[in-house]
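Enquirer: Below: one structure in structure tokens.
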Amino acid sequence: MTLGSLLARYTVFGLCIFITLLTLPFLPSAGWLWPLTLLAGALSLLGIYDLAQRRHAVRRNYPVIGNIRYLVEEIRPEIRQYLLEGDDDKLPYSRAQRSLVYQRAKDTVSESPFGTLLDVYGNGYEFIGHSSRPALNVDPARFRITIGGPQCTEPYSASVFNISAMSFGALSANAIRALNKGAKMGGFAHDTGEGGISPYHREYGGDLIWEIGSGYFGCRTRNGQFDPERFAREAQSPQVKMIEIKISQGAKPGHGGILPKGKVSAEIALTRGVEEGKECVSPARHSAFSTPVEMMQFIARLRELSGGKPVGFKLCLGHPWEFMGIVKAMLETGILPDFIVVDGAEGGTGAAPVEFTDHIGVPMREGLLFVHNVLVGAGLRDRIKIGAAGKVVSAFDVASTLAIGADWVNAARAFMFAIGCIQSRSCHTNRCPTGVATQDPLRQRALYVPDKAERVFNYHRNTVRALAEILASAGLEHPDQLGPHHLARRTSNTEIRLFSQIHYFARPGELLDSEAGSEFFRESWRMARADSFDPARL
């Protein structure tokens, strides 16, 4: 071992001990030395602990100074976000995206000076064509759609832009309050997430979409099975406008979920119908049905128990034949969902395995196109509405999603930004710095509900207004007039193509013919079964 190596490793530690021992005798007569002695003594004790501990080799080899590595590692996300990150580095949301939400939520100027920062000649650049005769007097208050098919007796008039599923438990009580109050002020819907309907969802009376997950929280028996009586009591509340069965979510499709026991407080346990202080598990699959036909029967049962309210389901697309099997079950039973929400693999969650967030599930646009095409090909699209969710922030995100097949769009993390989220990515630690994703009462106290509710309202209103301006520029008066021929993408340095040219769009009823227009659709349709989620053998 060389002298240089020893000096590099132990100089700071030795210096701390030397200063401590040197200054101790002078403390009675030189009071100003106390801070220096205490600091050096504390670092000396830290160095001794570093040498004795066995978990971290760096600290054992480099007492005192080895801790700098862990300190820098701890603050690395903040350093990157505030000092090093470019405006368009999407990790997972870019500074430009976050700034847009903050500006619109605060009702401040969000106009951009001096031209676009995007490379309009780069592959993947997208835009919506404008008209030589822009539309006049486009009213965003009319941007609503009616959800509820022929089997629904209480249809719901929904905004084209709503709050996506986020549960109480994952979010704090004050975050739920702010979101719901903002939804009430703006006349749009707030999806509860699968964690049940908490008192904080009810406090301000905003419209609710009640999401029913595989844990059946809020409508479960003691052993975790579906409880029809509890469901009926909750679902018939006037505040509940629609029922959404969660088959899978984009961030961790097919995985299920766990709310850590540290977050399962008494009120969360009461809301969900689980035991306080124990891990709250959402199974990976439903127990109320096991085949596509049984799933349709469950939808019919929920519609009846709710008093005729719109009932649908949410999924992140996986195996294509499974969704086609669900559609075959619709045709076989005659039971139709009122809506389907397509969640994209780019969606977020409090925590998920990296492999699931990165490599499982179909991205929102491809999933949306597939679901839209299958319903068109089966002759059912005009009776079933489609919602979509997956990294939606701006009015252009909303418009481009509507253009390729959605009837309305949901956003989750964008509304979290509106109530103060700074993308610290500490949602799973219970130490959210802004009080959004925590159950710590002191941390969530920082989230002042009246102010944040106003920001939710502002963000929604300003985004829908911007959507109205986009539509007017394109010569359109309502979002339902948007189509894939309005949206364009640069596919090379020398070519721009319309989405209607890039993607396959099914003909109405073509799947019911023996010769569907696409081989992929034909083969997947043959594999699909109404009596099982397993593929048929060809």
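The values are calculated or read from the model by the stated rules, or taken from the named source; none is laboratory data. Model, not experiment: these values are computed from the prediction. No Cβ is skipped: glycine too gets one built from the backbone with ideal geometry, and neighbour counts run over all protein chains shown. The protein model used for the area step is the full one, side chains on, heavy atoms only, and it has no ligands, DNA or RNA in it. Shrake-Rupley method; radii C 1.70, N 1.55, O 1.52, S 1.80 Å.
Enquirer: Among the numbered criteria (1) outside any strand (DSSP E or B); (2) at pLDDT 90 or above; (3) open to solvent by 30 Å² or more (accessible area, probe 1.4 Å); (4) not aromatic (Phe, Trp, Tyr), which single criterion is violated by Leu538?
Expert: (2)
Enquirer: Considering only region 126-145, how many residues are open to solvent by less than 50 Å² (accessible area, probe 1.4 Å) and either at pLDDT below 95 or out of contact with any Lys or Arg (no Cβ under 6 Å at 6 or more places or on another chain) (or both)?
Expert: The qualifying residues number 7.
Enquirer: Take the conditions open to solvent by less than 50 Å² (accessible area, probe 1.4 Å), in contact with a strand residue (DSSP E or B) (Cβ under 8 Å, 6 or more places away or on another chain) and of a type in the set (Ser, Thr, Tyr) and apply them to Ser400. Does it pass?
Expert: yes
Enquirer: May I ask you to say which residue of Val456, Val464 is β-branched (Val, Ile, Thr), surrounded by 19 or more Cβ atoms within 10 Å (Cβ to Cβ), at pLDDT 95 or above and in contact with a strand residue (DSSP E or B) (Cβ under 7 Å, 6 or more places away or on another chain)?
Expert: Val464
Enquirer: Something else about it: Has region 483-505 got at least one residue that is in contact with a Leu (Cβ under 7 Å, 6 or more places away or on another chain), open to solvent by 100 Å² or more (accessible area, probe 1.4 Å) and closer than 30 Å to Ala158 by Cα?
Expert: The answer is yes, given that some residue of region 483-505 is in contact with a Leu (Cβ under 7 Å, 6 or more places away or on another chain), open to solvent by 100 Å² or more (accessible area, probe 1.4 Å) and closer than 30 Å to Ala158 by Cα.
Enquirer: Can you report the number of residues in region 519-535 which are open to solvent by 20 Å² or more (accessible area, probe 1.4 Å), within 19 Å of Glu366 (Cα to Cα) and touching an Asp or Glu at 6+ places or on another chain (Cβ under 9 Å)?
Expert: Total satisfying the criteria: 1.
Enquirer: Taking region 146-171 on its own, how many of its residues are open to solvent by less than 10 Å² (accessible area, probe 1.4 Å), closer than 21 Å to Asn458 by Cα and modelled with pLDDT of 95 or more?
Expert: 6
Enquirer: Also: Residues of region 424-453 being assigned to a helix (DSSP H, G or I) and surrounded by fewer than 19 Cβ atoms within 10 Å (Cβ to Cβ), which ones?
Expert: His428, Thr429, Pro441, Leu442, Arg445, Pro450, Asp451
Enquirer: From the list Glu332, Glu294, Glu322, exactly one residue is part of a helix (DSSP H, G or I) and free of Cβ contacts under 8 Å to residues at least 40 places away in the same chain. Which is it?
Expert: Glu294 is the lone residue from the list that is part of a helix (DSSP H, G or I) and free of Cβ contacts under 8 Å to residues at least 40 places away in the same chain.
Enquirer: Where the second residue is open to solvent by less than 60 Å² (accessible area, probe 1.4 Å) and the first is acidic (Asp, Glu) and lies in region 488-514, which pairs have Cβ atoms under 7 Å and are six or more apart or on separate chains?
Expert: Pairs that qualify, where the first residue is acidic (Asp, Glu) and the partner is open to solvent by less than 60 Å² (accessible area, probe 1.4 Å), are Glu510/Gly377; Glu510/Ala516; Glu510/Gly517.
Residues checked against (1) in a loop (DSSP other than H, G, I, E, B); (2) exposed (fewer than 14 other Cβ atoms within 10 Å of the Cβ):
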| residue | (1), (2) |
| --- | --- |
| Arg222 | yes, yes |
| Glu229 | no, yes |
| Arg233 | no, yes |
| Glu244 | no, no |
| Gln249 | yes, no |
| Gly254 | yes, no |
| Glu267 | no, no |
| Thr271 | no, no |
| Glu275 | yes, yes |
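Enquirer: Another question about this same structure. Determine whether Glu510 is more than 33 Å from the chain's Cα centre (by Cα) and closer than 16 Å to Phe127 by Cβ.
Expert: Considered against the rule, which asks whether it is more than 33 Å from the chain's Cα centre (by Cα) and closer than 16 Å to Phe127 by Cβ, Glu510 comes out as no.
Enquirer: Where residues in region 1-39 are among the hydrophobic types (A, V, I, L, M, F, W, C) and outside any helix (DSSP H, G or I), which of them is most open to solvent (accessible area, probe 1.4 Å)?
Expert: Met1
Enquirer: Being at positive phi and crowded, with 21+ Cβ neighbours inside 10 Å is the filter here; which residues of region 325-370 pass it?
Expert: Once the filter is applied, which keeps residues that are at positive phi and crowded, with 21+ Cβ neighbours inside 10 Å, region 325-370 yields only Gly361.
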